[in-house]
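J.: Dumping the structure here so I can ask a few things about it.
The values are calculated or read from the model by the stated rules, or taken from the named source; none is laboratory data. Note that this is a predicted model, so its numbers are computed, not measured. Here Cβ is always computed from backbone atoms with ideal geometry, including for glycine, and neighbour counts include all displayed protein chains.
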Amino acid sequence: MPDKILFWLDAHLLYYCLSYYMQKKHPADYYAIIDIPDRSKNFFEQQKFVNFKKTWFYHDNITKKDQIDIRYLESFEEKYSINLWKFAINERLFYKYNQFHKFSKNEILSILEQECKLFENILHEVNPNYVIMQDAGLHHGNLFSEICKKNGIRVIIINISKFGGGCYLSEKIHTIDNLDTLDKINPRGRNIEELQKLLNKSSLSTSLMNYTNETRKSKLALIRAAFQMLFVSDNQNIKTHYSYYGRTKLHVLSNEIFSILKTKIRGNFIDKSCIQKIEDEKFVYLPLHQEPERSLLLDAPFYTNQIETTRNIAKSIPIGYVLYVKEHPTQGKSRGWRPITEYKEIMEMPNVKMIHPSVSSTELIKKSALVISIGGTASLEAAFYEKPSIMFANLGYAILPSIFKINSFDNLSNTISQALKTKINPIDLDKYVTALEDASFDFDWLGFIRKCHKRFYYDGNLVDVEIDPLNMEQFLNEEGSTLEKLADIHIQNLTTNHND
């Protein structure tokens, strides 16, 4: 029996390109769930590059309907032990962050019901051996991944390594498969200075910052994207895709103009009000997450209120310490900064100082006594500078003894006291780095996505585009060497898992 491989394809296009080269190298039955805007649909309907046995367009199966089968949703939750409201409330489109449409309870339940039935039907029909997909940034991809795992189906995602510039495959975000302890890992004898050099050579934080700065940089591409959106697109998405509800051309244009002004005003406030010098004092360092973002909404679903988290930490630190809170440096370009009222609320806390986003995170880690991160890279980077850390998300690098995982605010004060007394053992860090190096391979994920942005999406300014098959063919050929290697790594992963 050939393998049955189900791909989740989206506008990033990486997994479509990967499926093309995997099919050339690995005979199997290939299927795809396709989650793309309306204007790209024609390409996927007509394409001949990948011979999918069957495809499903996600948004074709989610329509507006009034009647809710609440009994089905209740039985679904019981069957899979999945809390659906956790997914819904933390979906950036459904609640808090959507500036174009306010979803009603019935609309949300209707979407959940239809997608749950769709996912169950697909898995029942295909019964795949493997699901290959991106780590989901929105609720529906994450929900599908969870259903697959509950059914014993192996999910394979590409993780960007936290340093070194490579990637690795695993079932769970930022978690090395089958790494439950560091006891059996043989370290490579590197001291802390050597490990720091490795981090500084290529850290994920730096790569993400560069990626954000380079994306949507071209003014010409922005003008071309605006022309396409305003004068070429028929904007069918507002009727067919719930993610586009309320996004009329006028509303999008006015929102973009308002966002530019809002970002400027908020940026001026940050420049005038935030501290740009690290004082000679004892402090705990808390970097804020970009918001909204999957590392906050999906990885730490019960700690999404960063102001409240800041307040709880401020209540829990020892009397001789100050809490340094730093805004995420990409929050401005990506999200237009936060409302000024939120910054003021943080600044009003008597033992908290708001640090300017331009201040070096590395220097803050070096001079801090403790690093606290909801689910970001700072907790891991702290270990490289012999600093203990606390983390709220359940991510793989919490396996390090110097990283304390918090499950409740109730024990935060005691955990902070314990962490402040903790000494870092470089051998543990060397072991984790060794395990990560052994699992990793050379692939520039962010660089590949940037190429897709430039080639197909007007430098990342517009994703609702028509995809030219000839352009795709040229792109597949140009990136052939990279994609063949990536396909080989996935096939090896399938084979190893199958043999196990």
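J.: Of the residues 132, 185, 147, which single one is touching a helix residue (DSSP H, G or I) at 6+ places or on another chain (Cβ under 7 Å) and either of a type in the set (D, E, K, R) or within 21 Å of residue 427 (Cβ to Cβ) (or both)?
T.: 185
J.: Which pairs do you get when a residue that is touching a residue at least 24 places away in the same chain (Cβ under 8 Å), found in the stretch 399-427, comes within reach of a residue that is in a helix (DSSP H, G or I) and among the β-branched types (Val, Ile, Thr), reach meaning Cβ atoms under 6 angstrom, with the pair 6+ apart or on two chains?
T.: 426/192
J.: For the condition within 28 Å of residue 83 (Cβ to Cβ) and β-branched (Val, Ile, Thr), what is the one hit in 330, 362, 304, 341?
T.: Answer to the selection: 304.
J.: Among (1) surrounded by fewer than 19 Cβ atoms within 10 Å (Cβ to Cβ); (2) of a type outside the set (Phe, Trp, Tyr); (3) part of a loop (DSSP other than H, G, I, E, B), which single condition is residue 311 missing?
T.: (3)
J.: To continue, here is another question. Among the residues of the stretch 405-424 satisfying the criterion of being loosely packed, with under 15 Cβ neighbours inside 10 Å and closer than 17 Å to residue 387 by Cα, which is modelled with the lowest pLDDT?
T.: So the residue we want is 423.
J.: Another question about this same structure. Condition check: in contact with a Leu (Cβ under 9 Å, 6 or more places away or on another chain) and modelled with pLDDT of 95 or more. Does residue 316 satisfy that?
T.: So residue 316 fits the description; yes.
Here is a yes/no grid of residues against (1) touching a Leu at 6+ places or on another chain (Cβ under 8 Å); (2) within 26 Å of residue 393 (Cβ to Cβ):
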residue: 418; (1), (2): no, yes
residue: 436; (1), (2): no, yes
residue: 450; (1), (2): no, no
residue: 459; (1), (2): yes, no
residue: 473; (1), (2): no, no
residue: 479; (1), (2): no, no
residue: 483; (1), (2): yes, no
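J.: I want to confirm something. Restricting to the stretch 45-69 and keeping residues that are hydrophobic (A, V, I, L, M, F, W, C) and out of contact with any Ser or Thr (no Cβ under 7 Å at 6 or more places or on another chain), which single residue is nearest to residue 2 (Cα to Cα)?
T.: The selected residue is 52.
J.: I've got another one for you. Just to be sure I understand, how many residues within the stretch 325-366 are assigned to a strand (DSSP E or B) and over 25 Å from the mean Cα position of the chain (by Cα)?
T.: Count: 3.
J.: Also, I was wondering about something else. Could we say that residue 220 is under 25 Å from residue 446 (Cα atoms) and either in the same structural domain as residue 328 (by TED's automatic domain parsing) or not hydroxyl-bearing (Ser, Thr, Tyr) (or both) here?
T.: yes
J.: Residue by residue through the stretch 150-176, note down the ones that are touching a Leu at 6+ places or on another chain (Cβ under 8 Å) and part of a loop (DSSP other than H, G, I, E, B).
T.: Matches in the stretch 150-176: 151, 153, 161, 162, 164, 173, 174, 176.
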